[in-house]
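Undergrad: Take a look at the following structure, please.
The values are calculated or read from the model by the stated rules, or taken from the named source; none is laboratory data. In this text, all values refer to a predicted model and were calculated from it rather than measured experimentally. Heads up, the Cβs are rebuilt from the backbone with ideal geometry, glycines too, and the neighbour counts pull from every protein chain shown. The area values use the complete protein model at the heavy-atom level, side chains included, leaving out ligands, DNA and RNA. Shrake-Rupley method; radii C 1.70, N 1.55, O 1.52, S 1.80 Å.
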Amino acid sequence: MSFDPSDAPLRLGVAGLGRGFMLTAPSILAHPGITLAAAAAPRAETRAAFEAQFGGKAHDSVEALCADPAVEAVYIATPHQMHAEHVAAAAAAGKAVLVEKPLAVSMDDGARMVAAASGAGIALIVGPSHSFDGPVEQARAIITSGRYGRLRMVQALNYTDFLYRPRRPEELVTDQGGGVIFSQAVHQIDIVRLLAGGQAHSVTAMTGNWDAARPTEGAYAALIDFEGGAFASLTYSGYAHFDSDEWMDQVGELGQAKDPATYGKARRALATVHSAQEEAALKRRRTFGAEAVPPPAPHHEHFGPIIASLEGADLRLTPQGVHVYGHTERQFLPAPAWPAPRQGVLDRLIAAVRHGEKVVQDGRWGLASLEVCHAILASAQTGQRVALHHQVAA
Ligand SMILES: NC(=O)c1ccc[n+]([C@@H]2O[C@H](COP(=O)([O-])OP(=O)(O)OC[C@H]3O[C@@H](n4cnc5c(N)ncnc54)[C@H](O)[C@@H]3O)[C@@H](O)[C@H]2O)c1
């Protein structure tokens, strides 16, 4: 549902004012149903920048943020490995949570988070993820309408320079949640699970770890089969020189028009750093306090080309909507215009907190997507098909 304008704005606190926050901030600021009420950040200059720009209190710990009576719900945008501790703090304070993807790094942490949220009776939503994108929701509605028969297959691919964007050291260590599986595959998994109904059965995958200077998974190909017989093929390269946004009308992942003149920018910038510390500092230059929050992007976000094949039609998702290729006719269905690309996930957060609505991408859903991430790694390592046991329906 979209948010009810008669509701009082949701007072949101943010834990972690890094890159993830910067990407969601334009949508938070554009949303009439949300007030940015407070934050938590370890660095004094970041806290000062937050208070100067938004007026709310910036705390030096997530516990203090969660205890702040000005805060109704907490958006946890700290590094993956901290999500469990920070969700526990929010649950202890009885505050609803929107936690960045992936839910956690380990399945044990993820299961503890789900239990903490359910024990405290708080909403736990995992996002933003690209499964909340307008055209994905639209494709899901077309599939569930039954108009074109059963879903048979989903093809998702994405070619990016992900591995050459500046990283914290642990983002290049798989066991600590580094590499493309935890940060990128989880988007594709969320999308295909949503389109195919959520209940994946098994995963067969191969991964690429091709750059000794950045020794983590940078690429993968995975096959997933679903209850009902549909299957999905997921391909991702974070080593790419080709940019698959060329196939998305030159619109970038975040819904911005892509300037072809920026070709090679990430690799050029990375070539200027000479240590892990310099690289982490380069990453910090793209976070809150170092850069201004940009205006909302004009298009929907996306996660690369996606084609869903049904008995009676193929659906091709674009940043503007969904092309429907039927037996004898084709049409383009524009996605509803949103004031900012991440409106969908924020609407869901408000609906969950204000009206107790269930959100598909909740903690158990996030745990199921995390299970698929681990299954990709396990299948690539063993050469075996990996059965899944924590899946939930959409
Ligand atoms: N949905 C998306 O499109 C998207 C994009 C980027 C990142 N993310 C997610 O955001 C999360 C953070 O990644 P990032 O790339 O923004 O990293 P980042 O390093 O840019 O940001 C993390 C921030 O957390 C802060 N932090 C660390 N410890 C803290 C603590 N104890 N209390 C409060 N703040 C603390 C850091 O100072 C930093 O500003 C990850 O889970 C990542 O997957 C999501």
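Undergrad: Which value in deg cm²/dmol, rounded to the nearest 500, describes the helix-derived mean residue ellipticity at 222 nm for the chain, given -39,500 (n - 2.57) per DSSP H run of n ≥ 4 and division by the residue count?
TA: Result for the chain: -9500 deg cm²/dmol, rounded to the nearest 500.
Undergrad: Right, here's the next one. Just the number, please: carbon plus sulfur as a percent of the accessible area of segment 297-394, 1.4 Å probe, no ligands or DNA/RNA counted.
TA: The value for segment 297-394 is 51 percent carbon and sulfur by accessible area.
Undergrad: If you average 1/r over all unlike Cα pairs in segment 38-166 and invert the result, what Kirkwood radius do you get in angstrom?
TA: 17.1 Å
Undergrad: Of the peptides 339-348, 21-30, 61-70, 362-371, how do they stack up when ordered by the mean number of other Cβ atoms within 10 Å, highest first?
TA: Those peptides, ordered most packed to least, come out 362-371, 339-348, 21-30, 61-70.
Undergrad: Quick one: net charge of Ala88's neighbours, Cβ under 14 Å, K/R +1, D/E -1?
TA: Every neighbour counted, the sum reads -2.
Undergrad: How long are the semi-axes of the equivalent ellipsoid of segment 90-217, defined as square roots of 5 times the Cα gyration tensor eigenvalues? Whole Å, largest first.
TA: 26, 24, 13
Undergrad: OK, next. Please compare each pair in Lys57/Lys265; Lys57/Lys358; Lys101/Lys265; Lys258/Lys283; Lys283/Lys358 to a cut-off of 32 Å on the Cα-Cα distance and tell me which ones are over it.
TA: Listed pairs above 32 Å: Lys57/Lys265; Lys283/Lys358.
Undergrad: Could you compute the net charge surrounding Gly321? Neighbours are other residues with a C-beta less than 15 Å from the C-beta of Gly321; K and R count +1, D and E count -1.
TA: -2
Undergrad: Next question. Would you please give the FRET efficiency between Arg285 and His327, computed as 1/(1 + (r/R0)^6) with r the Cβ-Cβ distance and R0 = 35 Å, to the nearest 0.05?
TA: It comes to 0.10.
Undergrad: Here is a follow-up. Which whole-angstrom value gives the distance between the alpha carbon centres of segment 12-88 and segment 277-341?
TA: 25 Å
Undergrad: May I pose another question? Tally up the carbon and sulfur contribution to the accessible surface of segment 110-222 as a whole percent, 1.4 Å probe, everything protein left in place.
TA: C and S atoms contribute 55 percent here.
Undergrad: Using +1 at the C-beta of Lys and Arg and -1 at the C-beta of Asp and Glu, which of Thr144, Leu172, Tyr159 has the Cα lying farthest in the positive direction of the dipole of segment 143-197?
TA: In segment 143-197, that residue is Thr144.
Undergrad: Whole number please: convex hull volume per residue, Cα atoms of the chain, in Å³.
TA: Dividing the Cα hull volume of the chain by its residues yields 131 Å³.
Undergrad: Could you do me a favour and compute the accessible area per residue for the chain, 1.4 Å probe, result in Å²?
TA: Ligands and nucleic acids excluded, the result is 41 Å² per residue.
Undergrad: Can you find, among His389, Ala96, Ala48, the residue sitting farthest towards the positive end of the charge dipole of the chain, where Lys and Arg contribute +1 and Asp and Glu -1 at Cβ?
TA: My answer, from the dipole projection, is Ala48.
Undergrad: Per the 1.4 Å probe, what fraction of the accessible area of segment 1-45, in percent, lies on carbon and sulfur atoms?
TA: With neighbouring chains kept in place, the figure for segment 1-45 is 60 percent.
Undergrad: If amide H atoms are built 1.01 Å from N in the plane of the peptide, which residues on other chains or at least 5 residues away come under 5 Å of the amide H of Ile306?
TA: Here the answer is Leu317, since their amide H atoms fall under 5 Å of that of Ile306.
Undergrad: Round to a whole angstrom and tell me the spacing of the C-alpha centers of segment 368-394 and segment 151-187.
TA: Taking the Cα centre of each part, segment 368-394 and segment 151-187 sit 15 Å apart.
Undergrad: With +1 assigned to the C-beta of every Lys and Arg and -1 to the C-beta of every Asp and Glu, and no other charges, what is the dipole magnitude of the chain about the Cα centre in debye, to the nearest 20?
TA: Dipole about the Cα centre, nearest 20: 160 debye.
Undergrad: Separate question: Let me check something: with ligands and nucleic acids excluded, how do His187, His355 order by accessible area (1.4 Å probe), largest to smallest?
TA: Of His187, His355, the descending order of accessible area is His355, His187.
Undergrad: Let me ask you something else. Using only the alpha carbons, work out the radius of gyration and Dmax of segment 222-336 in angstrom.
TA: When restricted to the Cα atoms of segment 222-336, Rg and Dmax are 18.6, 58 Å.
Undergrad: Write down Rg/Rh for segment 143-260, rounded to two decimals, with Rg from the C-alpha atoms and Rh from the Kirkwood relation over Cα pairs.
TA: 1.01
Undergrad: While we're here: How big is the shadow of the Cα convex hull of segment 130-196, averaged over all directions, in nm²?
TA: 5.4 nm²
Undergrad: Could I ask something else about it? Any idea what Rg and Dmax come out to for segment 1-96 if you just take the C-alpha atoms, in Å?
TA: In Å, with Rg to one decimal and Dmax whole: 12.8, 38.
Undergrad: Go through segment 72-83 residue by residue and turn each phi into a ³J(HN,Hα) via Karplus (6.51, -1.76, 1.60, θ = phi - 60°); whole Hz please, and just put x for glycine and proline.
TA: 9, 9, 10, 9, 9, 10, 8, x, 2, 5, 9, 4
Undergrad: Report the net charge of residues surrounding Gly134, where surrounding means a beta-carbon distance below 12 angstrom and charges are Lys +1, Arg +1, Asp -1, Glu -1.
TA: Local net charge: -2.
Undergrad: Same structure, new question: Go through segment 298-311 residue by residue and turn each phi into a ³J(HN,Hα) via Karplus (6.51, -1.76, 1.60, θ = phi - 60°); whole Hz please, and just put x for glycine and proline.
TA: Karplus values, whole Hz, x for Gly and Pro: x, 10, 5, 6, 7, 10, x, x, 9, 10, 10, 9, 10, 4.
Undergrad: Residue by residue, what Karplus-based ³J(HN,Hα) values in Hz, rounded to whole numbers, does segment 357-370 have, using 6.51, -1.76 and 1.60 with θ = phi - 60° and x for Gly and Pro?
TA: Karplus-based 3J(HN,Hα) across segment 357-370 equals 6, 7, 10, 4, 7, 8, x, 5, 5, x, 5, 5, 5, 5 Hz.
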